[in-house]
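Participant: The structure's right below; bear with me while I get my questions together.
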Amino acid sequence: MSLLHWIILIPFLAAFFIPLLGRMFPRIHTGWFVLFIPLALVMVTWISYSSLMADGETILSIVPWVPMLDINFSVYLDGLSFLFTLLITGIGALVVLYSIYYLDKKKERLQDFYVYLLMFIGAMLGVVLTDNVIVLYVFWELTSLASTLLIGFWFIRDKSIFGAQKSMLITVFGGFAMLGGFMLLYIMTGTFSIREMIGDVDVIMNHPMFLPAMILVLLGAFTKSVQFPFHIWLPDAMEAPTPVSAYLHSATMVKAGIYLVARMTPIFGGSSEWFWIILITGLFTLFWGAISALRQKDLKGVLAFSTISQLGLIMALLGAGSAALYAQDPDLEVMYAGAIVTAMFHLINHSTFKGSLFMVVGIVDHETGTRNLQKLGGLMAVMPVTFTVSAVGLAAMAGIPPFNGFISKEMFFANMVELMELPFFGMGDWAIIIPIVAWTASVITFIYCAFMFYKTFMGKYDRQNYWVDVHEASPGLLLSPILLGILVIVLGLFPNILTQTLIHPSVTSILTGVSVELEPYNLTLWHGFEIELFMSIGVVAVGVIAFLYHRKWTRWEIYNKERDVMNLFYDQGIDKLQDGSAAITRVQMTGRLRDYFMYMLVFIVALLAVTMWRSGQFQALPEGLATTMDTPLYMYGVMLILVGSAAVLPFIQSRITFIISIGVLGLMVSLFFTIFSAPDLALTQLLVETVLLIVLMLAFRHLPEMTKEPKSRSYTTVNVLIAASVGALVTMVSISAYALRLDLDFTAISDFFIENAVPLGGGYNIVNVTLVDFRGFDTVLEALVLGIVALAVIMLIKHRFKGGEDI
């Protein structure tokens, strides 16, 4: 395995040792052992691959997993996966450091927390580094599982369980849809490799299953990256501990859908459907998230909806940038490639300022005991460092210079304005709506950032508003948000430091189909007196005015009272699902063994009947029946005895006659085994029948009197129909299988055992060799089952002799 394989596997391996280390060193916070993992991974990744990525190199390493099914544990590192790997490990290291001071080692289940966190880190690395879509799906669902465990970490709270369940249901639904899309892509291309799919993009684009595959893949991406209408799980997931929110819900898990869209853009990106679905969904999510953030009274609620909004912004940019793959004009390709540049730059920016803001909110909650904006205020006086870090993060999110968010916001404005000049995809005069929506959402973003800043830190500090003595957080708790705040400033003043190694390689990895060689984009704080500058000035001006007069158009006391329409739809859907499941359970789980047999037999009959009908075996029955005409006469005698013994069973009133009839059936089955050269089965059947007969005769006098319960005509009719259907279908399957064997000239499997008993098994007793060699594993399992049954019988006998109650 390559180093990239180990980068994925190390977090999983480390998770096994965390509980052991926690117990061996109870005085040391478990987070210190975990911190080394993401810190080492980010350093190894950067040192080993940064120069290669800057040169435009790619790395592929394949480890066969299920090669017969074209499923390999193949890892592929290019600019896009390199960027995400650094985000996952780098932000992960800062979050672990933050959690050491946030989570009390005496009160929290630290070993569980860090096992879940490491599992999530490994799963995210698997998602972004694998080249095989089936392996990607496995890691994708692992991220859902790990995030559910982390969201529900405080499981004694009902809201935590609700949020964990909600995130699991929605993201797993999207994962199943995505898997369906991957299977359609396999049908189209014959491969599970993303690289090979990109090579077959012309086949995919012209295939009738192109649109269904694209929609299914997008469902997976949208559910993970909280795009409308699947955004509803993220606000409820805020019940997770703040380190989880800072990591999963700002920098990693919610970015998995962004990664998937970026990775699939070379495959689907040359189509108008991909362009419009992603662009419209992203813009609507941007606007809806901003509006919803404005209505929150909880600090985490504001950040949750702001995350939804910002992810919509990135998604819209990916949609806009996909136009470069359709343009077929060098100038247009370069123009619209700028949207992908902005998406990758804002991806980094959002991880830095949103990660720091989540940590700041955690500090405020940790020190004051509340996140309610109606109760907070005046914290600047007692928490000056937290105030400063918060000011930097909020200014970046609001798009104020000289912070990194300002640069990506102006670039976003420019990209949206450029779409008005798009000469294809049906863009017309109405396209002015696109920059208007982008600008309006940015104004709302500025307003809720101002609200959050003012309500939390400004005003007069009143000790009576808090149930604890508020003071500045410890240096350890502040270190991670400070480092992220410094990154916000550095990337604002020197944005080009990441262009060559991160942004440009990721852009070229996404836009593999453009005809022109893309040059590194020059990122700068000053864009000149362009339209995006005046749009930014308008955002600040309108935002300040709206904030100053907010009492005239909003009331804080009505925030968060009205639930999202999609939340209501989800809640009602879950209620209907539970009611429907309960109704089905009441009908199905009757407590009667006969009903359970009926369900199983009906399913088997339906499955076999459909299979035979679709394979045309019903038409082959006459031919198969003709092949049975040379059956020896004595076989008809055996058959008549079997049928007769079975037919009289429902009408027998005497228990002794019933037992004898069953014994005759068993003996006839043994005779069948003997006729068809299966002496081991015949002997086993004889022994079973003999023991069964003895047991039944010994228990005969202890059995209750045999009575016949009256049954309705419909009850009896259903029984007869099911029994007749099973018998008829099994007969038809047997005839069809026999005819198929003759037609295809199949060699009997018994010939293999006869020919290979001595050379492969080393024995002349074919039955013994088969049981202990060719079918040795099956025999061991059978012996194990018999042993379990014997133990159960021994326990029952002991219980009886000890005077226990009847069971």
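Participant: Identify, from the list SER661, SER677, the residue that is in the same structural domain as VAL643 (by TED's automatic domain parsing) and outside any helix (DSSP H, G or I). Step through it out loud before you land on a result.
Facilitator: Values: SER661 fails: outside any helix (DSSP H, G or I).
On inspection, the qualifying residue turns out to be SER677.
Participant: Checking the condition of a type in the set (Val, Ile, Thr), assigned to a helix (DSSP H, G or I) and without any contact (Cβ under 8 Å) to a residue 24 or more places away in the chain, which residue from VAL203, VAL244 passes? Lay out the reasoning, then the answer.
Facilitator: Working: VAL244 fails: without any contact (Cβ under 8 Å) to a residue 24 or more places away in the chain.
One residue alone meets the criteria, VAL203.
Participant: Taking PRO481, is it under 30 Å from GLY362 (Cα atoms), at pLDDT 90 or above, assigned to a helix (DSSP H, G or I) and out of contact with any strand residue (DSSP E or B) (no Cβ under 8 Å at 6 or more places or on another chain)?
Facilitator: Working: under 30 Å from GLY362 (Cα atoms): yes; at pLDDT 90 or above: yes; assigned to a helix (DSSP H, G or I): yes; out of contact with any strand residue (DSSP E or B) (no Cβ under 8 Å at 6 or more places or on another chain): yes.
The answer is yes for PRO481.
Participant: So which residues in region 3-56 are in a loop (DSSP other than H, G, I, E, B) and over 28 Å from LEU103 (Cα atoms), if there are any at all?
Facilitator: ASP55, GLY56
Participant: Give ALA606, ALA541 a once-over and let me know the one that is modelled with pLDDT of 85 or more, more than 30 Å from PHE228 (Cα to Cα) and out of contact with any Lys or Arg (no Cβ under 8 Å at 6 or more places or on another chain). Please lay out each step first, then the result.
Facilitator: On the way: ALA541 fails: more than 30 Å from PHE228 (Cα to Cα).
After ruling out the rest, the residue left standing is ALA606.
Participant: Continuing with the same structure: Checking the condition over 30 Å from MET24 (Cβ atoms) and in contact with a His (Cβ under 8 Å, 6 or more places away or on another chain), which residue from VAL138, VAL75 passes? First the steps, then the outcome.
Facilitator: Details: VAL138 fails: in contact with a His (Cβ under 8 Å, 6 or more places away or on another chain).
Sole residue among the options that is over 30 Å from MET24 (Cβ atoms) and in contact with a His (Cβ under 8 Å, 6 or more places away or on another chain): VAL75.
Participant: Does VAL587 satisfy the criteria of being β-branched (Val, Ile, Thr), touching a residue at least 12 places away in the same chain (Cβ under 8 Å) and outside any loop (DSSP other than H, G, I, E, B)?
Facilitator: Values: β-branched (Val, Ile, Thr): yes; touching a residue at least 12 places away in the same chain (Cβ under 8 Å): no; outside any loop (DSSP other than H, G, I, E, B): yes.
In short, no.
Participant: For GLN328, only one of the following conditions fails: (1) closer than 30 Å to VAL382 by Cβ; (2) surrounded by fewer than 21 Cβ atoms within 10 Å (Cβ to Cβ). What is its number?
Facilitator: (1)
Participant: (1) touching a helix residue (DSSP H, G or I) at 6+ places or on another chain (Cβ under 6 Å); (2) farther than 26 Å from VAL128 by Cβ; (3) part of a helix (DSSP H, G or I): which one isn't true of GLN296, the others all being true?
Facilitator: Of the numbered conditions (1) touching a helix residue (DSSP H, G or I) at 6+ places or on another chain (Cβ under 6 Å); (2) farther than 26 Å from VAL128 by Cβ; (3) part of a helix (DSSP H, G or I), the odd one out for GLN296 is (3).
Participant: Would you confirm, using the coordinates I've provided, whether GLY312 is buried (at least 24 other Cβ atoms within 10 Å of the Cβ) and of a type in the set (Gly, Ala, Ser)?
Facilitator: Values: buried (at least 24 other Cβ atoms within 10 Å of the Cβ): yes; of a type in the set (Gly, Ala, Ser): yes.
Spelling it out, GLY312 is indeed buried (at least 24 other Cβ atoms within 10 Å of the Cβ) and of a type in the set (Gly, Ala, Ser).
Participant: Right, here's the next one. Would you please name the residue that is surrounded by the fewest Cβ atoms within 10 Å (Cβ to Cβ), looking only at residues in region 175-221 that are small (Gly, Ala, Ser) and under 27 Å from HIS231 (Cα atoms)?
Facilitator: First pass over region 175-221, keeping only residues small (Gly, Ala, Ser): 175, 177, 180-181, 190, 193, 199, 213, 220-221.
Within this subset, residues satisfying the condition of being under 27 Å from HIS231 (Cα atoms) are 175, 177, 180-181, 213, 220-221.
On the way: GLY175: 20, ALA177: 19, GLY180: 17, GLY181: 25, ALA213: 23, GLY220: 27, ALA221: 27.
Filtering first and then ranking leaves GLY180.
Participant: Right, something else. Restricting attention to region 503-523, does a residue exist that is surrounded by fewer than 16 Cβ atoms within 10 Å (Cβ to Cβ) and under 29 Å from ALA290 (Cα atoms)?
Facilitator: No.
Participant: Picking from LEU211, LEU260, LEU286, which residue would you name as being of a type outside the set (D, E, K, R), within 23 Å of VAL128 (Cα to Cα) and assigned to a helix (DSSP H, G or I)? Give the derivation first.
Facilitator: Details: LEU211 fails: within 23 Å of VAL128 (Cα to Cα); LEU286 fails: within 23 Å of VAL128 (Cα to Cα).
That would be LEU260, the only listed residue that is of a type outside the set (D, E, K, R), within 23 Å of VAL128 (Cα to Cα) and assigned to a helix (DSSP H, G or I).
Participant: Let me ask something else about it. Select, from LYS159, LYS166, LYS224, the only residue that is surrounded by 23 or more Cβ atoms within 10 Å (Cβ to Cβ), of a type in the set (Lys, Arg) and not assigned by TED's automatic domain parsing to the domain that holds GLY319.
Facilitator: Values: LYS159 fails: surrounded by 23 or more Cβ atoms within 10 Å (Cβ to Cβ); LYS166 fails: surrounded by 23 or more Cβ atoms within 10 Å (Cβ to Cβ).
Going through LYS159, LYS166, LYS224 in turn, the sole match is LYS224.
Participant: If the Cβ limit is 8 Å and pairs must be 6+ apart or interchain, which residue in region 669-689 that is at positive phi pairs with which residue that is surrounded by fewer than 14 Cβ atoms within 10 Å (Cβ to Cβ)?
Facilitator: Pairs that qualify, where the first residue is at positive phi and the partner is surrounded by fewer than 14 Cβ atoms within 10 Å (Cβ to Cβ), are SER677/SER750.
Participant: Another question, if that's okay. Determine if region 383-392 includes at least one residue that is out of contact with any strand residue (DSSP E or B) (no Cβ under 6 Å at 6 or more places or on another chain) and in a loop (DSSP other than H, G, I, E, B). I'd like the intermediate steps shown before the answer.
Facilitator: In the first step, residues of region 383-392 are kept if they are out of contact with any strand residue (DSSP E or B) (no Cβ under 6 Å at 6 or more places or on another chain); the result is 383-392.
Narrowing the set further to residues that are in a loop (DSSP other than H, G, I, E, B) leaves 383.
Within region 383-392, one or more residues are out of contact with any strand residue (DSSP E or B) (no Cβ under 6 Å at 6 or more places or on another chain) and in a loop (DSSP other than H, G, I, E, B).
Participant: Within the set of pairs 6 or more residues apart or between chains, which connect a residue that is in the same structural domain as ILE348 (by TED's automatic domain parsing) inside region 385-398 to a residue that is charged (D, E, K, R) and surrounded by 24 or more Cβ atoms within 10 Å (Cβ to Cβ) with Cβ atoms less than 8 Å apart?
Facilitator: Cβ pairs passing all conditions: GLY393/LYS354; MET397/LYS354.
The values are calculated or read from the model by the stated rules, or taken from the named source; none is laboratory data. Bear in mind that the values here come from a model prediction, so they are computed numbers and not experimental data. Using ideal geometry, Cβ is built from the backbone for each residue, glycine included, and neighbour counts are taken over all protein chains shown.
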